[in-house]
Each structure stands twice: as C-alpha cells, then as structure tokens.
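Working notes for the structure below.
The values are calculated or read from the model by the stated rules, or taken from the named source; none is laboratory data. Remember, it's a predicted structure, so these values are computed and weren't measured experimentally. Glycine gets a Cβ as well: all are built from the backbone with ideal geometry, and neighbour counts include every protein chain shown. The protein model used for the area step is the full one, side chains on, heavy atoms only, and it has no ligands, DNA or RNA in it. Shrake-Rupley method; radii C 1.70, N 1.55, O 1.52, S 1.80 Å.
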Amino acid sequence: MAKKNPESSSVPALQGDGRRRAVIGAVTPQVDDGRFAVKRVVGDVVEIEADCFADGHDVLACRVRFRREDDRTWCEAAMTALGNDRWRGTFTVDELGRYRYGVCAWVDPFLTWRHDFARRIDADDLRIAARTGADFMAAAASRARGEHRRRLTEASRKLREATELDVLRHLALDEEVGILAAQYPDRRHESTYPVEFPLVVDRERAQFSSWYELFPRSMGAPDTHGTLRDCEACLPYVAKMGFDVLYLPPIHPIGRERRKGKNNTLLASEDDFGSPWAIGAREGGHKAIHPQLGTLTDVRSLVAAARSHGLELALDIAFQCAPDHPYVESHPEWFRHRADGSIQYAENPPKKYQDIYPFDFESVQWQALWEELASVFAFWAREGVRIFRVDNPHTKPFAFWEWAIARIKQEHPDVIFLAEAFTRPKVMHRLAKLGFTQSYTYFTWRNTKQELTEYFTELMAAPGRDYFRPNCWPNTPDILPESLQVGGRPVFMARLVLAATLAGNYGIYGPAYELLEYAPREHGGEEYANSEKYELRRWDLDRPDSLAPFIARVNAARREHPSLQRGQLAFVATDNDELISYARVDAASGDVILVVVNLDPHHPQSGWVSLDLAALGLEPERPFQVHDLLSDAHYVWNGPRNFVLLDPAQAPAHILHVRKPLRTEHDFDYFL
C-alpha cells in the first residue's frame, strides 16, 4: 500500500491568531460585498447590522467602525444585541464625501466575568470571583488615563479588600464602574470583518428634489428665439410652482450639417432650428453656448438668479456630436468610421439619427477622449453648475462613468448626476452603483395598481434602496406616454401626484405638462406632435386651465412634510383596484402622509382603505383627523377601515396629512 504524502493532507494550515473567537458575518447595508458604495445624505443616521457570535457562553462586545476615506483614524460606536446573534450600531454622517465602515467584535473577559458574577451564589465562589474581577478592573485601569485610571484603580482595590458578601456584590456590580471598565476593554483577541465597506454621503438634494424642464429658446417673445435672459425672466413662474431644480436641455451650438427639421424630418429648411442634442458647430462644442441663447456671462447670471429664487440650475450633458462639431475635425480618431470612410452616425435600426455622431470609446486614443469628456463636467462645475442630467449614459462604458464621476466628485463632492437611462434593469442599477446620484425609472409606463405596487416595492427593497435613488417623470421631451394622450386632465393630475409622492425625487417637462399637451406625432407613438426638440414653441403660461396652481399645492405638501422627502413607503390595502393607496412615514419627526389616487380618469371610484394603525402611530380606539393638502378639506376617521370617494372631474387624488390626536378627555378637541 502506498504511503500517504503528509504534504497532501487536507488538514488546514494554522492561519492568524486562533484565539480570535468572535465570528462576524452578514454585514448590512452593503452593495455587492463592498464593491460599490452605499449612499446616504448629510445628517443621516447610518444603521449597521451584523451577525456576531462566538463559541461557548462568553459575552461578546461589538462595535461599528467608521471614518472618512481620507482619515487614518477610525471612530467607533457600540453595537446593541437585537437577539439571535444579530447586532446593530449607528453613526451620523455630517460631511459630504466618501466614508468607510466596518464591524469588529471580541470575547470580552470583563463583561463575561460580570455576567457570571451576578449569577453566583456560593460564598467561597463569590470571594474567589471577586479577586478575578479586581484583576480585570486593574487591567482596565492600566489602559485608562487620568481620572478614569484613578477611579478604576480604586474600585479594584476596594473589591480586593472587601470580605462581606453584600459589599462584594455591590462593588462588583456597581453600574458606573462597570460602564467605565467597559470603555477600556482587552481587545488583544479582537476579530475585524475583512471588508471595509464604502459609503458616499451626498447633500440633501440628492434625496429630495423637484425638477422642472424647459427649453430656453421657446421662452422669448413671439417670433423670436428665446435667450438665457428670457429663461431668467421665467424663474418666478417656476419658483411659484414650488420646484427647486430648473433643468435645461443642451445649451450648446447646434450642428447645421444633416440638421433635422420639424417633427424629426430629414430635410430641414433654412428657418429650422434643429435638435439641441445635435451638439456642436463652428461656434464651438460642449463648452460653448449657442450664440442665440447668450454668453457665458448669461449662464453665470442665470445660476445666481436661480439661486435667489430657491432654484438650482441643472444642465443636460450629452456625449455625442453633430457632424460639424469641432471634435470631428480635430479628433476624427474619436469616432467610428464606416466602410466607405465616412463617420458612423447614431442608429438603432430601423431608427437613424443622421445628425448625431456617437463617440468611439474603443478608440486607440480612448484615454485622451476620457480626459476631454471629464473636462466638460469640470468646466461647467467651475461655472457654478452642480447638477447634471446625463443623456443616455447606458450607451457609454461603465468604467468611464465610475472613473469620471469619482474624479469630478473628488473636487466637487456636492455635484449631483442624474442618469437618463431608460434601459434594462440591470444596466440601470449598474449605473447607480457606479456613482450616479439619481436614476430615471420605469414609472412613466407603470399605470395600474398592480404595476405601481410591484415596481415601487421592488425599488424600496434591499439592497437597491441603499444605492438606487429613483427620480420619477410622468413625461419628458422624448416621451408622451399613452396615458397622457387619452386620459385628459384627470390623468395629468393623478400622474403628477403619483410621481411627486411615491419618491423623493421627481420632475416634469413643462410647460407641456401643466398646459396638458397630449397630441402625439403619430398614432401609437410616444413622440409629441410639433415636438419642441425640433422647433420653437409658444406657451401661454397664463392659460386659465393650466395645472400650475395644482402643481404648486403638490410641491408645497412635499416641502412642508418630511415624510414626502425621506419617509418610508408602505402600500395600503384598498378593496377597489382602481384606487391605489400608500403611506409615507418619517419616524424621526412622526410625520405621516396617506395618499389615495383614483386610477380611472373617466369615472368616480369609491372603496374602503384598510390602515395599519400601529404602523402609523395611531390608537385603535381613538378617532383621528386627516387633512387633505390638495382641497384643504378635513375628515374625522375612526378605526382601521375608512371610506373614500374620488371623482376625477373634481380631484383624482387625496394627499392626506394624518393628524394624530393629543391625549385629552375631549373627543373633538385633540387634533394637532
């Protein structure tokens, strides 16, 4: 029989310090085992949980570790046992930028001794154990300094000298001494989770924002091309509706070669203005401004004026070129070429976009291309722009976005990037993981109660909720969904309420939205007829049927109620599938909003809403008041089941502030 080679033994080799008995696992939150960052905003309390345990019955101590990425020193916070070996710890992030966090744990001899001492009965056993405890206190004193060292040394001496059992118990289990000694533990055999998890902390607008998109060129006087100064004159109108982000399509020179005409026709006339997304002409490219819009001075003025109205300016960044963009002549190697030597225009067969040249990210000169494109963001950031909507990021390499976003945020950590990527779910989520602050969603095409419930339940589930911030748009210049084409005013109102209350971030393309623009270019399509993408439009902002006052009420509710900014979303049962209901609850403030929407634009719908009173902080035996923030009506509700009736001809939705009763003897004298 052949002898077994001892070197081929399956016995594992000794690794590390075998006296480290604590086991740590299942750390949350985390994204792909720490490959990508969890996202929070300034002021957030970050909750970290982990499974922590050890062999035997010794007492474990666990801490969450955290630091800013550029700091070398870790801060720590104690973790609390939740049961079943699950632990939780928290820390607050109060600065923008990148952080790291982790978990450590150790078997704590002092805490184990103290736990066992409280259960001892035998007198001799107690006296021996007291001497052991005195040694632990002395050891803790050696690790302490100043007054803490003196107090622990004195506690050790007293415990060592005591003889009476009652005195021994009192000294050994003294709460203040126990807390003090626990601050200076023996951590020689500490276990540390091997992964340092990344965390990105953004400003509050990353979590809560209301976007309004308009085309500056349509804001001028009749028969004239609008300017950035004209756009500045519209700021009071936008601010009055309660928006905080004014988003402009590309403001750069528009190519003349292969320019598209009205309604996306291939042949443009001399008076056609072209698509703003066909970027670049002899006047310049991505760092230039369309001469009919104004100058860089006008951009600076608009940024400052917007700020004075409580607005921020967001610019559209589209990394593509018109055929006469300066890049095409100076860097032809940055573009793909067809077999006949011509540059390949953008296409998605059978669709063709002859007025746009996409970049070739597989170019031999890819590094120079990356540097130049990143410099576009840097240029506008230096001009005071801190929000960018990025056009079609899913058609550019993932690696580029991870590098470019990290680079820009290193110098400007307050920059917000919105990914306009209506594409496959995994691609959308990958872009969010790579660093995009906010993301477009499929909300535009989710209409039924089941579709909306399933989709937003998915968005709010872990791990996506820790990195994917949805930004809901009921329309865009590219998308006039079928629901808006056929549902009339009630659908415009209902979809706005849904977008504004299901997520912290939402936006509309206006004035098309508030002026109820509903005509498609062709039956069955989602393109607007006479699309503003290709021509100037004239909007009567004072039209009496405008939804602007309604939008202002919805945005006022968002601004005034923390639950609509950061509250948890929970769907509420109704017995009518044409009624969708959900609650937004902010635990920190106790603010509760209940939303009910009639999804049928043509008929009144009624039904019973079934509430989880405990989850809303309500007592089952006490009536409570709900205040409709849209109509200003007040209703007294009682118990978990309450009746609602919504007539779309009047208002298709309730946004109800749940006003909790004060504790008083009077039935109708206790509402906040």
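Details
- Nearest 10 degrees, 0 to 90: helix 425-434 Cα axis against the chain principal axis: 70
- Solvent-accessible area, 1.4 Å probe, carbon plus sulfur percent, for the chain: 50
- Cα gyration tensor shape for segment 248-406, rounded if a/c is under 1.5, else prolate or oblate: oblate
- Residues Glu95 and Asn264, FRET efficiency given R0 of 41 Å [Cβ-Cβ distance, rounded to 0.05]: 0.30
- Charge dipole of the chain about the Cα centre (unit charges at C-beta), most positive-ward option of Thr444, Phe36, Ala633: Phe36
- Rg(Cα)/(2.2 N^0.38 Å) for segment 201-313, N = residue count: 1.16
- Relative contact order for the chain, counting Cα pairs under 8 Å that sit 6 or more residues apart, in percent: 10
- Bridging of Lys660 to lysines at a Cα separation below 20 Å is possible for none of them, once same-chain residues fewer than 8 apart are set aside.
- Under 5 Å, built H, 5+ apart or other chain: amide partners of Ala573: Ser610
- Per-residue SASA remark: Arg151, around 90 Å² accessible (1.4 Å probe; ligands, DNA and RNA not included).
- Rolling a 1.4 Å probe across all protein chains gives Asp58 an accessible area of roughly 60 Å².
- Among Ala172, Leu214, Val201 the positive-end extreme of the charge dipole of segment 147-256 (Cβ point charges): Leu214
- Computed extension length for Leu613-Arg424: 64.2 nm, one decimal, from 0.36 nm per residue of separation with the Cα-Cα distance subtracted.
- In degrees, nearest ten, helix 488-502 long axis to first principal axis of the chain (Cα): 30
- For the set Lys287/Lys396; Lys396/Lys433; Lys351/Lys449, the pairs lying more than 22 angstrom apart at their alpha carbons are Lys351/Lys449.
- For Asp17, net neighbour charge (Lys/Arg +1, Asp/Glu -1) across residues whose Cβ lies under 11 Å away: +3
- Rg/Rh for the chain, where both radii come from Cα atoms and Rh is the Kirkwood radius: 1.08
- The share of alpha-carbon pairs in segment 1-143 lying farther apart than 21 Å comes to 61%.
- Label positions at Glu482 and Phe53, each projected 7 Å from the Cα along the C-beta direction, are separated by 5.2 nm.
- A Förster radius of 25 Å, combined with the Cβ-Cβ distance separating Glu371 from Lys351, puts the computed FRET efficiency at roughly 0.20.
- Spin-label model, Ala633/Asn530: points 7 Å from Cα along the beta carbon direction are separated by 3.7 nm.
- Rounded tilt (10° steps) of 146-161 against the dominant C-alpha axis of the chain: 30
- Full-stretch length increase - Ala462, Asp33 - with 0.36 nm per residue and alpha-carbon distance subtracted: 153.1 nm
- A simple rule links phi to the HN-Hα coupling: the Karplus curve 6.51 cos²θ - 1.76 cosθ + 1.60 with θ = phi - 60°, which for segment 391-402 gives 7, 6, x, 6, 9, 10, x, 4, 4, 4, 5, 4 Hz, with x for Gly and Pro.
- Dimensionless Rg over Rh [segment 92-215; C-alpha; Kirkwood]: 1.29
- In whole angstrom, segment 613-655 maps to an equivalent ellipsoid with semi-axes of 23, 10, 9, each derived as √(5λ) from the alpha carbon gyration tensor and ordered largest first.
- Bins of 5 Å from zero: percent of alpha-carbon pairs in segment 32-96: 4, 15, 20, 23, 19, 10, 6, 2, 0
- Volume of the Cα convex hull of segment 384-505, divided per residue and given in Å³: 119
- Across segment 582-592, rounded Karplus estimates of 3J(HN,Hα) from the backbone phi angles (6.51 cos²θ - 1.76 cosθ + 1.60, θ = phi - 60°) give 7, 10, 10, 10, 9, 5, 5, 9, x, 6, 10 Hz, Gly and Pro being marked x.
- Applied to segment 511-517, the Karplus parametrisation 6.51 cos²θ - 1.76 cosθ + 1.60 on θ = phi - 60° returns per-residue 3J(HN,Hα) values of x, 4, 6, 5, 9, 6, 5 Hz, with x for Gly and Pro.
- Simple Cβ-charge dipole of segment 506-612, Lys/Arg +1 and Asp/Glu -1, about Cα centre, in debye nearest 20: 420
- Length released on extending from Arg382 to Arg307, taking residue separation times 0.36 nm less the Cα-Cα span: 25.4 nm
- The listed peptides 71-84, 532-545, 435-448, ordered by packing as a protection proxy, come out as 435-448, 532-545, 71-84 (highest mean of other Cβ atoms within 10 Å first).
- Exposure of Lys352 as accessible area (Å², to 10), given a probe of 1.4 Å and all protein chains: 100
- Based on C-alpha pairs under 8 angstrom that are at least 6 apart in sequence, segment 184-268 has a relative contact order of 24 percent.
- Placing Glu514, Glu527, Glu451 in order of accessible area, with the largest value first and a 1.4 Å probe, yields Glu451, Glu527, Glu514.
- When all protein chains stay in place and ligands, DNA and RNA are ignored, the 1.4 Å accessible-area order of Asp271, Asp186, Asp355, largest first, is Asp271, Asp186, Asp355.
- Over the chain, accessible surface divided per residue gives 46 Å², non-protein components excluded, 1.4 Å probe.
- Each Lys and Arg Cβ is given +1 and each Asp and Glu Cβ -1; about its Cα centre, segment 533-579 then shows a dipole of about 420 debye.
- In a reduced charge model with +1 at each Lys and Arg Cβ and -1 at each Asp and Glu Cβ, the chain shows a dipole moment near 1740 debye about its Cα centre.
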